[in-house]
Amino acid sequence: MNQGEAFKIHELPRLQNPSLIVAWSQDAGRLGSKVIDLLNRKLGGREMGELDASAFFSLWGVQIEDNVIQFPESKFYSCETRDLILFKSDSPAQEWYKFLNTILDVAVLSCKAKQVFSIGGFISSMAHTSVRRTIGVVSRPELKEFLLEDVPDIDSLEYQTPLGGRPTMNSYLMWVAKRRDVSCINLWSEVPFYLAAAEDPRACKKMLAILDRKFKLGITLDDIEDEIKSQNEKIEELKARNPDIARYVEMLEKGIMLNQEESEKLAKDVLDFLS
Amino acid sequence: MGVSFLKEPGIEKSEMIAAWPGIGNIGLIAVDTLRAMVEADQFAEIEPWDFFYPLSVTVKNGELASLDFPASRFYHKRIGEKDLIFFIGEQQPAHEKKGYQLASLVLDVALRYGCQRVYTCGAAVAPIHHTMRPKVWAVPNKTGLLPEVKSYPNTVLLGEIEGRSGQGSVTGLNGLLLGIARARGLDGISLLGEIPVYISQFPTSYPRASKSVVEVLAHHLQLTLDLSNLDNLAGQVDETIEKIYEQIPPEMRQRIDQLKSVGVSGEEAQGPITEDEKRRIVQNVDEFFKKGGKA
């Protein structure tokens, strides 16, 4: 890492006009990190660089997850055969504007990327058996055409951060990209609230299918289909053991909202059972 | 990291009055009230993205329309022979380093316009009763300013409160700005309006204290102001406080009422109330509200 630079490129990949796909490790249903991991595996992605953790994360101690010490990561991967750059990162704790600009410096200035895709999950009061809806946001109107097939109602999307909330890193990235005149698209897939802290392979599959079509990746989705099947079977098992859970899922399938207590019980029991 | 200038105010020599949100929004309401009353015009704004996370995003027809950040704005007004710069920030940075950078940037703008003195305004959490007129705790950044500060109306020196022997601290940007101002050769005075200790954690403003701060600034600027708007605001907040006060059990209310006889600087002290007792009162009130207002 050169002094004063917030990033390190291990090896500059041979890319033409690549697209950058960005995802965050702390995502609903682990959608972002799972999609990037699967793309890396299926496309033979190679780690090409990283951002300097000390510039963007609080390093006074470390977090522990599942009994293991964690360390923040912000890594770039290249898939030369598909002209793609993948970026997976923990959400920075400070210097957000510099962080997002550094991502674009690496992708646009160093690798000549022509557009940015960011992906993520949004939590929904839905059943895990329901079809995942996708919503999209673009940085400039002409990009809507690119999404029409997957997000036909994009023109009707109106949104404002609710009181007490705050914008996502994806929204912030789009704003920074727009300021730099870089095309940017946010794609979001629904994640049932009770899978938000676990994994949602169905949402991952939906996102992968869209990316496969858009970037002509030619990937197979059989393995993730197996994961969906396996998760469904586990939840069926839980429903069989616990009539309350069966009732809550059935209510959601019928479009009936759960109250807070029911929602919390469903989320906790499903997470405990799937862990 | 920069400042956007909307216009050139043409100032050669000035004073600055600054405030940010804080306890009871005392400083913010005081400075914003004064700014509005003298009809100061905005002339610059600090670019927020280096200091703050955005507050909200707006999407229209599927397209990103805007991302809104907390604002940090400069205003100017010439009053007689005096040019006043107001700085009003909507948020304080979360990290110390960013606080230092922001304060430095504020002073860069101040010095660009020949600023010679900076006032910061905020809150002083004090063992007073909410029916009392709040005093203003003041602290300058140079010894030479002490006689002037002592002459301000309804004001006590922070370092002379309850045997502090000249010691104390001013937290956040209110203190930091004046520390950096001192290092850069500028005069600075912090004015902190008293808020009753048992109200300081409430999510409410405290316009009574804002009024006390405005009165000190008006005295310094030789301005005669109609502060009835602050009185009205204070009246509304008083009603809310009284409603809460009525819910407090009589025994606890009696203890809080003991604060009526306490003068923070000591000169008005009539009743014997110890530090321990003050702490217990605050603790009792705190526990009362944690239990949902049930004795």
Quick check on region A:45-54. Is at least one of its residues in contact with a helix residue (DSSP H, G or I) (Cβ under 7 Å, 6 or more places away or on another chain) and under 30 Å from A:Lys254 (Cα atoms)? no
State yes or no: is B:Leu64 farther than 30 Å from A:Trp60 by Cα and either away from every other protein chain (no Cβ under 14 Å) or of a type in the set (Phe, Trp, Tyr) (or both)? no
Under 7 Å between Cβ atoms, which residue pairs at least 6 apart in sequence (or on different chains) link something in region A:167-191 that is without any contact (Cβ under 8 Å) to a residue 40 or more places away in the chain and on the phi < 0 side of the Ramachandran plot with a partner that is crowded, with 24+ Cβ neighbours inside 10 Å and in a helix (DSSP H, G or I)? none
Which residues, taken from region B:136-165, are closer than 23 Å to B:Ala218 by Cβ, among the β-branched types (Val, Ile, Thr) and not in a helix (DSSP H, G or I)? B:Val136, B:Val139, B:Thr155, B:Val156
Which numbered condition in (1) free of Cβ contacts under 8 Å to residues at least 12 places away in the same chain; (2) within 17 Å of B:Ala18 (Cα to Cα) is the only one that B:Gln167 fails? (2)
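Here's the yes/no breakdown for (1) surrounded by 24 or more Cβ atoms within 10 Å (Cβ to Cβ); (2) in the same structural domain as A:Asp105 (by TED's automatic domain parsing); (3) in contact with a Gly (Cβ under 8 Å, 6 or more places away or on another chain):
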{"residue": "A:Leu15", "(1), (2), (3)": "no, yes, no"}
{"residue": "A:Leu20", "(1), (2), (3)": "yes, yes, no"}
{"residue": "A:Gly32", "(1), (2), (3)": "yes, yes, yes"}
{"residue": "A:Val35", "(1), (2), (3)": "yes, yes, no"}
{"residue": "A:Ala53", "(1), (2), (3)": "no, yes, no"}
{"residue": "A:Leu59", "(1), (2), (3)": "no, yes, no"}
{"residue": "A:Val62", "(1), (2), (3)": "no, yes, no"}
{"residue": "A:Ile69", "(1), (2), (3)": "no, yes, no"}
Does any residue of region B:177-199 turn out to be at pLDDT 85 or above, of a type in the set (Phe, Trp, Tyr) and not in a helix (DSSP H, G or I)? no
Among (1) polar (S, T, N, Q); (2) within 21 Å of B:Leu64 (Cα to Cα); (3) touching a residue at least 12 places away in the same chain (Cβ under 8 Å), A:Ser110 falls short only on (2)
Where residues in region A:148-172 are more than 8 Å from chain B (Cβ to nearest Cβ) and of a type in the set (A, V, I, L, M, F, W, C), which of them is surrounded by the most Cβ atoms within 10 Å (Cβ to Cβ)? A:Met169
Leading residue by the ranking (farthest from the chain's Cα centre (by Cα)) among those in region A:89-105 that are buried (at least 23 other Cβ atoms within 10 Å of the Cβ) and more than 14 Å from chain B (Cβ to nearest Cβ): A:Ile103
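The values are calculated or read from the model by the stated rules, or taken from the named source; none is laboratory data. Quick caveat, the model's predicted, so the values are computed rather than measured. Here the Cβ is made from the backbone with ideal geometry for all residues, glycine too, and neighbour counts use every protein chain on show.
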